[in-house]
Amino acid sequence: MKKIDIKLKILFLIFVFGILSFISYDLNKYEAFYIPDFTVNIFFSKLVAEEHTLKYCNEYAVKYNAPVFGGRYFVRAKDDGCVTHAYFHGYIIILAIFRMINESLIYFVTPLLAVIALIFFYKISRLFFDEKTSLLGVIILSFSVPFFSFSVIYYNNLALFAFFLGALYFFFKLLQTNATRYYILFPIFLSIAIWARYPAVLFSIPLIIGFFSGGYRKKFYFLNRDEISIKDSNEAKLLISALVFLIMILPLFALNIDLYGHPLGLFFSQQTSFNQYTTEAVMHEYGIENKGISFYGFDIMFSNLKYFLKLNSIISIFSAIALVYFIINKQKRKEIFFSNTFWILTGIALFCCLFYLGVDWYDPIAYKFMILPSLGRYLLPVHAIMILLSSYIVISSLKCADPRAGKIVIAAVVIFIIAFNLNITVNEVSGLNNMKLWVLAAEHKQNIILEAVPEKDAVIFTRYSDKYIFPKRTTVIYTAFPPETRIKQTSDLAEKLLNDGVPVYFINESGARYDIFTVDEYLSEFEKNNMSSKLANNESVYIYKVHLN
């Protein structure tokens, strides 16, 4: 029976992986992206796979010392004329490793990370709950809105989620068994989670506090040193754990120094992101202050919380019932609220909420209910904890019922929750149906631009169309120039390229969100510098070809 159970679990994971992989391939096979994050992750993973570097040094950027060639979410690297990405390295490197094995494997990386996350979610659940609760939690998480949606696209949050869950599992096993292998596995998974996204450091604070609290610290301060060997001592295990962590994390510091000139990366360096001036302009327009710590008020926090609860409406109700049950039931209250593990998980949830709920997630259609805004993917750990609580209360409430009736009720609950979540995942504003439409629209725009720009060595000046055409064509994000000198620097760069015989195009893109200047102001400056522009097409995307007079 046990073997059959294991086979069923494996079959379920294969089933989930198959569904996610099919959707991932269907969405991403066009290589036309509607979100610049995807362009960045795909381009730099290919750069790592083929050239083993995270620096993009365009020959013209180096020649003119103008690091504005590339995509909007690029950033100026330490070396003159070179750029790199404005994100985190881990997910890009994971994508690159799979691309080095086989190019087509890239479609299956995020679904694989999702399966890894499910495995560790199950193993963590089994440390504290019974088999039924754990399995129910895995099934609900698999088809929940945030998890399913972000398991088929090129965001790095699943990498953080999967490896942080792995680190959390090995941490709890370390506390339970004190086995040496967990002192090694925990820092490995934690460091990979940090490589994926730096906020993993913040989410680790509750682990550190929990480790040195209560009975755990006695292991380190009340040893009879005459009766224990150095091999088995906890001090030695801690030293091994620290060394493993340093071995894993020091290359990250070295890479950051090489790319950004600072061991802690872009956020602590003076480098300028291509999107920096655009972001500052938008924030100023909407009266948003740029803060070091992203907290914009309790009204924003409660608004985000309302959105998050709506995204997880059924789970929110069940998890709230579970919390009330824990408070009312004296025995459970004692078991839960006096458990070090409970406070560790609570600490992780609070850090996630404090770090992300207070942020004003600007979106042009923020007044519509959406799946994809950043809040949904950043709060995946909180979402997982809520699902675990919901699963517990469902299973617990049916323990006194007739076994057959209980199975029917559980099946009905699972089917209802999955159907409810899949309906949102597929049909809402940013659901799978619209994702596919956005991808096809991106491919259509890509084709329009490429047809109007037949020269493969052409340079296209753009505000935001890089996500459609880079790297099929070289793009210049001219809004990366400071506003004070932007028009002049854009004109000067276009003139230098034309003097070198490089075809130059300029896309007429609307939207005050992306630039404080109009296209006509740039074209007028071109005329002042002995250049002219002519419309290269008659499509919905207006593209001008720039010539020297």
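Key figures for this structure:
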{"read-out": "Filtered residue count, the range 486-509, keeping only those that are among the acidic types (Asp, Glu) and in contact with a Ser or Thr (Cβ under 8 Å, 6 or more places away or on another chain)", "value": "1"}
{"read-out": "Some residue of the range 6-21 being outside any helix (DSSP H, G or I) and either modelled with pLDDT under 90 or surrounded by fewer than 19 Cβ atoms within 10 Å (Cβ to Cβ) (or both)", "value": "no"}
{"read-out": "Selection status of Ala349, farther than 25 Å from Ser204 by Cα and aliphatic (A, V, I, L, M)", "value": "no"}
{"read-out": "Condition check for Leu388: surrounded by fewer than 17 Cβ atoms within 10 Å (Cβ to Cβ) and either modelled with pLDDT of 75 or more or assigned to a helix (DSSP H, G or I) (or both)", "value": "no"}
{"read-out": "Neighbours by Cβ (under 7 Å, 6+ apart or cross-chain): first from the range 236-250, without any contact (Cβ under 8 Å) to a residue 60 or more places away in the chain; second among the polar types (S, T, N, Q) and part of a helix (DSSP H, G or I)", "value": "Lys237/Thr180; Phe245/Ser191; Ile249/Ser191"}
{"read-out": "Strands (runs of 3 or more DSSP E) within the range 469-546 that include 3 or more residues more than 14 Å from Val459 (Cβ to Cβ)", "value": "531-535"}
{"read-out": "Hey, Val48 closer than 17 Å to Ile477 by Cα and assigned to a helix (DSSP H, G or I) or not", "value": "no"}
{"read-out": "Cross-chain or 6+ apart pairs with Cβ under 8 Å, the range 296-320 first and on the phi > 0 side of the Ramachandran plot and surrounded by 17 or more Cβ atoms within 10 Å (Cβ to Cβ), then modelled with pLDDT of 75 or more and assigned to a helix (DSSP H, G or I)", "value": "none"}
{"read-out": "Qualifying position, being modelled with pLDDT of 90 or more and within 29 Å of Glu31 (Cα to Cα), among Tyr478, Tyr514", "value": "Tyr478"}
{"read-out": "Check on Tyr356, within 20 Å of the chain's Cα centre (by Cα), modelled with pLDDT of 70 or more and not assigned by TED's automatic domain parsing to the domain that holds Tyr514", "value": "yes"}
{"read-out": "Candidates Phe22, Phe17 - the one that is on the phi < 0 side of the Ramachandran plot and either without any contact (Cβ under 8 Å) to a residue 12 or more places away in the chain or more than 20 Å from the chain's Cα centre (by Cα) (or both)", "value": "Phe22"}
{"read-out": "Which listed residue is in contact (Cβ under 8 Å) with a residue 40 or more places away in the chain and either over 21 Å from the mean Cα position of the chain (by Cα) or closer than 21 Å to Gly261 by Cβ (or both), from Ala49, Ala86, Ala96, Ala61", "value": "Ala86"}
{"read-out": "Answer from Ile209, Ile247, Ile240, Ile228 - the residue that is more than 24 Å from the chain's Cα centre (by Cα), surrounded by fewer than 17 Cβ atoms within 10 Å (Cβ to Cβ) and at pLDDT 95 or above", "value": "Ile247"}
{"read-out": "Val40 being crowded, with 21+ Cβ neighbours inside 10 Å, in a helix (DSSP H, G or I) and out of contact with any Pro (no Cβ under 7 Å at 6 or more places or on another chain)", "value": "yes"}
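The values are calculated or read from the model by the stated rules, or taken from the named source; none is laboratory data. These figures come from a predicted structure and were not determined experimentally. Cβ coordinates were reconstructed from backbone atoms using ideal geometry, including for glycine residues, and neighbour counts include every protein chain displayed.
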